[in-house]
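Notes for the one structure printed next.
The values are calculated or read from the model by the stated rules, or taken from the named source; none is laboratory data. Small disclaimer: the values here were computed from a predicted structure and weren't measured. Cβ atoms come from the backbone with ideal geometry, glycine included; neighbour counts cover every protein chain shown. Note: accessible area is taken over every heavy atom of the protein model, side chains too, but ligands, DNA and RNA are not part of it. Shrake-Rupley method; radii C 1.70, N 1.55, O 1.52, S 1.80 Å.
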Amino acid sequence: MENPVHNFIGGKWVPSRSGKTFETRNPATGAVITQCADSNAEDMNDAVGAAHKAFESWRRLPAPRRGELLFRAAERLFHEKETLARSLTSEMGKVLVEGRGDIQEAIDMAYYMGGEGRRQFGHIAPSELPNKSAYAIREPLGVIGLITPWNFPMAIPAWKSFPALIMGNTVVLKPSPETPYTAALFVKCLEEAGIPPGVVNLVMGSAPDLGATLVKHPEVALISFTGSKVTGGKVAVDAATHYKQVALELGGKNAILVMEDADLELAVEGIVWSAFGTSGQRCTACSRLIVHREVKEKLVTRLLDRMNTLRVGNGLDPEIDVGPLINQTQVEHVHALVKVGQTEGAQLRAGGHPLTEGPHASGHFFAPTLFDNVTPSMRIAKEEIFGPVLSVLEVNNLEEAIKVNNSVEYGLSSSLYTQDVNRAQHAIRELDSGIVYINAGTIGSEVHLPFGGIKNTGNGHREAGQAALDTFSEWKSIYVDYSGRLQRAQIDTN
Ligand code: NAD
């Protein structure tokens, strides 16, 4: 794409109204990747206007035809997968193998939602009155505002866009200022797939209030937001003030529970992948290891050995396991919480500091960190850290493990390692989280199952699977009376 990268509004790549741009940088090297349009409320207004205009024809396009365009989008993304993954890794930092996974999530969702173009089943029910039919169908809402974070810069825009589009909505995407370029590449694939002008719009910007202008815009029907709990709270308040729907996907404080009968080797692999994959910057990252006292020392020893083999560096290097954090602010945030953990009395057994020398000198790196002897009341056991920091909490039995798991304000993903099917079934019922894994880590969602969490992780919506269709559509109930006379429901009962 050309430098600077423009907004995409009404089917055209256009500079910001102010002409201003901002830069996006590689978190591993500090190198500037490109300049992007730095937008304001006027740009947002243009984009919402374009989406509003396009809605009339897009919603009337038969859903199977919309589905075909999503299949074309999947093909474009598939064709460009390697280039997109490399670019994503350069902008966001996650290692290349995970970058490819991020693109694959978008491809999978495009195919899955494309298929929904030929389903979108409604309900047909018998009427309580004779010669009357009753059924319910799904309808689009209108213009949807999509506000996304930086940690899955391709997958999250795709997980929101494709269900919204298949249901007949048009969208305005406001990506994170950390990863605008990946969002632009995503939108370019949709343009090349033949999605009509105005159906998908992109507004990039660095101003903290840009997202809020989308939330408050009167022509936006629903905001689908993924980000931190604090920002999500503001979005919810703004949405409520402007009487609009809002779907929130927020933080997590996910745990892996390891019982004394677990396959420890298997557990170590799941723990490392869940805690240090994406440098811990996943909403589903494992930041608590709740382990039975009988196997704790053995597990921690094996874990430390495995952590010693992790190579931290530039995610484009195939030898690297753990990439950088997104920016210096995040490094400082993680470091500050590590210091809090030490002050609170947790035992630091690995890492605990930024990496700043040699190959790490120009990037935002943090050593994979392990805290032992953590108690549930410590801040490191309660707050989302969003970095490569894992806390070990020792318990006496499964009941206590479940209690500790459930003691946090979030409820996204939980995992249990055990060989005992009875315990597994019990835990599945008792764990307070939207996602439960047995004998696998806390990450690894598939696109055809609902994704999301309970408690402060969200507000009751789910992404992905059939559940996403509920978020991005309204029900319309239809009664057709062919009796030729007035029939009154609940009154003419005989
Ligand atoms: P963030 O909350 O800082 O930003 C998210 C988005 O909101 C960005 O696009 C940002 O520009 C925008 N924004 C900022 N202020 C706004 C406002 N007042 N109104 C509207 N929009 C505003 O989050 P982040 O740092 O980009 O992402 C990390 C967070 O996202 C973590 O807390 C993580 O757990 C969460 N997350 C959750 C999920 C999930 O599905 N539950 C998935 C990925 C990330």
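Test each condition in (1) more than 18 Å from the chain's Cα centre (by Cα); (2) surrounded by fewer than 22 Cβ atoms within 10 Å (Cβ to Cβ) for residue 229 and report the one that comes out false.
Result: residue 229 passes all but (1).
So which of 260, 319 ends up being assigned to a loop (DSSP other than H, G, I, E, B), farther than 30 Å from residue 398 by Cβ and open to solvent by 40 Å² or more (accessible area, probe 1.4 Å)? I'd like the intermediate steps shown before the answer.
Numbers: 260 fails: farther than 30 Å from residue 398 by Cβ.
None of the other options fit; the residue is 319.
Pull up region 468-484, narrow it to residues that are open to solvent by 60 Å² or more (accessible area, probe 1.4 Å), in contact with a Ser or Thr (Cβ under 9 Å, 6 or more places away or on another chain) and not in a loop (DSSP other than H, G, I, E, B), then point me to the one that is nearest to residue 113 (Cα to Cα).
Filtering region 468-484 for residues open to solvent by 60 Å² or more (accessible area, probe 1.4 Å) gives 470, 474-477, 479-482, 484.
Among the residues that remain, those that are also in contact with a Ser or Thr (Cβ under 9 Å, 6 or more places away or on another chain) are: 479-482.
Filter once more, keeping what is not in a loop (DSSP other than H, G, I, E, B): 479-481.
Values: 479: 29, 480: 30, 481: 34 Å.
Filtering first and then ranking leaves 479.
What single numbered condition from (1) in a helix (DSSP H, G or I); (2) more than 16 Å from the ligand (Cβ to nearest atom); (3) without any contact (Cβ under 8 Å) to a residue 24 or more places away in the chain fails to hold for residue 243?
Condition not satisfied by residue 243: (1).
Provide a single number: the residues in region 279-312 that are in contact (Cβ under 8 Å) with a residue 40 or more places away in the chain, more than 16 Å from the ligand (Cβ to nearest atom), open to solvent by less than 30 Å² (accessible area, probe 1.4 Å) and not basic (Lys, Arg).
Of the residues in that region, 10 qualify.
When only residues in region 333-351 that are within 27 Å of the chain's Cα centre (by Cα) and closer than 24 Å to residue 98 by Cβ count, which is most open to solvent (accessible area, probe 1.4 Å)?
By that ranking, first place goes to 333.
Which of (1) more than 12 Å from the ligand (Cβ to nearest atom); (2) surrounded by fewer than 22 Cβ atoms within 10 Å (Cβ to Cβ); (3) closer than 26 Å to residue 5 by Cβ is the odd one out, the single condition residue 206 does not satisfy?
Unmet for residue 206, out of (1) more than 12 Å from the ligand (Cβ to nearest atom); (2) surrounded by fewer than 22 Cβ atoms within 10 Å (Cβ to Cβ); (3) closer than 26 Å to residue 5 by Cβ: (1).
Can you find a residue that is open to solvent by less than 20 Å² (accessible area, probe 1.4 Å) and part of a helix (DSSP H, G or I) anywhere in region 407-423?
no
Restricting attention to region 443-450, does a residue exist that is within 13 Å of the ligand (Cβ to nearest atom), without any contact (Cβ under 8 Å) to a residue 24 or more places away in the chain and under 24 Å from the mean Cα position of the chain (by Cα)?
yes
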